[in-house]
1. For the subset of the stretch 101-119 comprising residues that are hydrophobic (A, V, I, L, M, F, W, C) and assigned to a helix (DSSP H, G or I), which member is surrounded by the most Cβ atoms within 10 Å (Cβ to Cβ)?
2. Would you check if Met172 is assigned to a loop (DSSP other than H, G, I, E, B), in contact with a helix residue (DSSP H, G or I) (Cβ under 8 Å, 6 or more places away or on another chain) and either farther than 16 Å from Leu62 by Cβ or not basic (Lys, Arg) (or both)?
3. If Leu103 satisfies every condition in (1) among the aliphatic types (A, V, I, L, M); (2) farther than 22 Å from Ala13 by Cβ; (3) modelled with pLDDT under 95 but one, which is the exception?
4. Would you mind stating whether Arg98 is surrounded by fewer than 20 Cβ atoms within 10 Å (Cβ to Cβ), touching a Ser or Thr at 6+ places or on another chain (Cβ under 6 Å) and under 24 Å from Glu140 (Cβ atoms)?
5. Picking from Arg220, Arg183, which residue would you name as being under 17 Å from the mean Cα position of the chain (by Cα), of a type outside the set (Asp, Glu), surrounded by fewer than 20 Cβ atoms within 10 Å (Cβ to Cβ) and not in a loop (DSSP other than H, G, I, E, B)?
6. Say whether the condition of being surrounded by 24 or more Cβ atoms within 10 Å (Cβ to Cβ), of a type outside the set (A, V, I, L, M), part of a helix (DSSP H, G or I) and at negative phi is met by at least one residue in the stretch 139-147.
7. Can you list residue pairs whose Cβ atoms sit under 9 Å apart, with the first residue in the stretch 192-219 being small (Gly, Ala, Ser) and the second being exposed (fewer than 14 other Cβ atoms within 10 Å of the Cβ) and part of a loop (DSSP other than H, G, I, E, B)? Count only pairs 6 or more apart in sequence or on different chains.
8. Show the residue pairs that are 6+ apart or on different chains and have beta-carbon atoms under 8 Å apart, the first residue being within the stretch 129-143 and of a type outside the set (Gly, Ala, Ser), the second being surrounded by fewer than 24 Cβ atoms within 10 Å (Cβ to Cβ) and assigned to a loop (DSSP other than H, G, I, E, B).
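The values are calculated or read from the model by the stated rules, or taken from the named source; none is laboratory data. Treat the numbers as computed from the prediction; the structure is a model and nothing was measured. As a convention, Cβ positions derive from the backbone with ideal geometry for all residues, glycine included, and neighbour counts pool all protein chains shown.
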Amino acid sequence: MQPSPQTISLLLADARLPSGGHAQSSGVEPALLAGMPVTDVPAFLRARARTTGMVDAGTAVLARHAALDCLPAAPIERAWAARTPSRAIRDASKDLGRGLLRLAGQIWSDVRSSLADLDDSPPRPLVLGAIAAHTGMDAESLVRLTVYDDIACAVAALLKLEPGDPAHGVAMVLEACASIEPRVAAVSSITAAHQIPAAGAPQAEAWAEAHALTTRRLFRA
């Protein structure tokens with residue numbers, strides 16, 4: 001018997017999922033190492049949700065649509081890459097995608113078929129979209145999941161980098177996720193690559209590129 005889509009969404013949002021998310025800081029460590037004050041983290045997370053988060057969410061929605069209609073995934077990956085100019089961020093997403101795909105392949109054997117025209121390290125949002133298609137998750141839930149997972153990962157990393165009250169971290173996650181609610185309906189209706197948001201984050205991308213060259217770090221990205 002197949003678990004409900006809501007249960008699948010909870011599973012994918014769980015930080016204990018063995019897919020490699022614990023090795024990522026969603027840009028928080030690069031920002032702090034570059035000198036961003038820890039007091040700016042809430043604003044950083046809101047900005048990330050509205051930029052990187054929306055690009056990934058739109059990509060995931062389109063990947064879901066493609067999987068349901070048996071369309072190729074490669075054009076979606078190219079559209080995502082065009083909106084993710086930082087190689088460091090693209091590499092981090094592919095690391096996460098590879099881990100997530102490995103896990104998904106052991107539970108839902110048909111997920112890989114939706115990404116057959118990609119290599120063994122597809123970006124995270126394309127894997128999330130394929131899983132959503134094969135488990136019956138609706139597009140709006142997928143948008144929220146994609147953003148929540150990224151922001152929750154950032155806050156979990158923050159507690160290791162700058163230990164503080166975990167309750168404050170929870171508040172930051174809720175605030176950042178709430179900031180994208182006005183956009184959920186539009187993003188969840190995406191059916192073509194040109195509709196994927198193209199909101200850039202040049203400063204965060206520069207921090208990610210510098211972070212990729214340093215050995216003094218706790219997280220992959």
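1. Leu115
2. Values: assigned to a loop (DSSP other than H, G, I, E, B): no; in contact with a helix residue (DSSP H, G or I) (Cβ under 8 Å, 6 or more places away or on another chain): yes; either farther than 16 Å from Leu62 by Cβ or not basic (Lys, Arg) (or both): yes.
Answer is no for this residue.
3. The number of the failed condition is (2).
4. On the way: surrounded by fewer than 20 Cβ atoms within 10 Å (Cβ to Cβ): yes; touching a Ser or Thr at 6+ places or on another chain (Cβ under 6 Å): yes; under 24 Å from Glu140 (Cβ atoms): no.
It is false that Arg98 is surrounded by fewer than 20 Cβ atoms within 10 Å (Cβ to Cβ), touching a Ser or Thr at 6+ places or on another chain (Cβ under 6 Å) and under 24 Å from Glu140 (Cβ atoms).
5. Arg183
6. Within the stretch 139-147 (the criterion being surrounded by 24 or more Cβ atoms within 10 Å (Cβ to Cβ), of a type outside the set (A, V, I, L, M), part of a helix (DSSP H, G or I) and at negative phi), the answer is yes, since at least one residue qualifies.
7. Partner pairs satisfying both residue conditions: Gly200/Pro85.
8. If the second residue must be surrounded by fewer than 24 Cβ atoms within 10 Å (Cβ to Cβ) and assigned to a loop (DSSP other than H, G, I, E, B), the pairs left are Ile131/Trp108; Ile131/Met137; His134/Trp108; His134/Asp110; Thr135/Gln2; Thr135/Pro3; Thr135/Trp108; Val143/Ile180.
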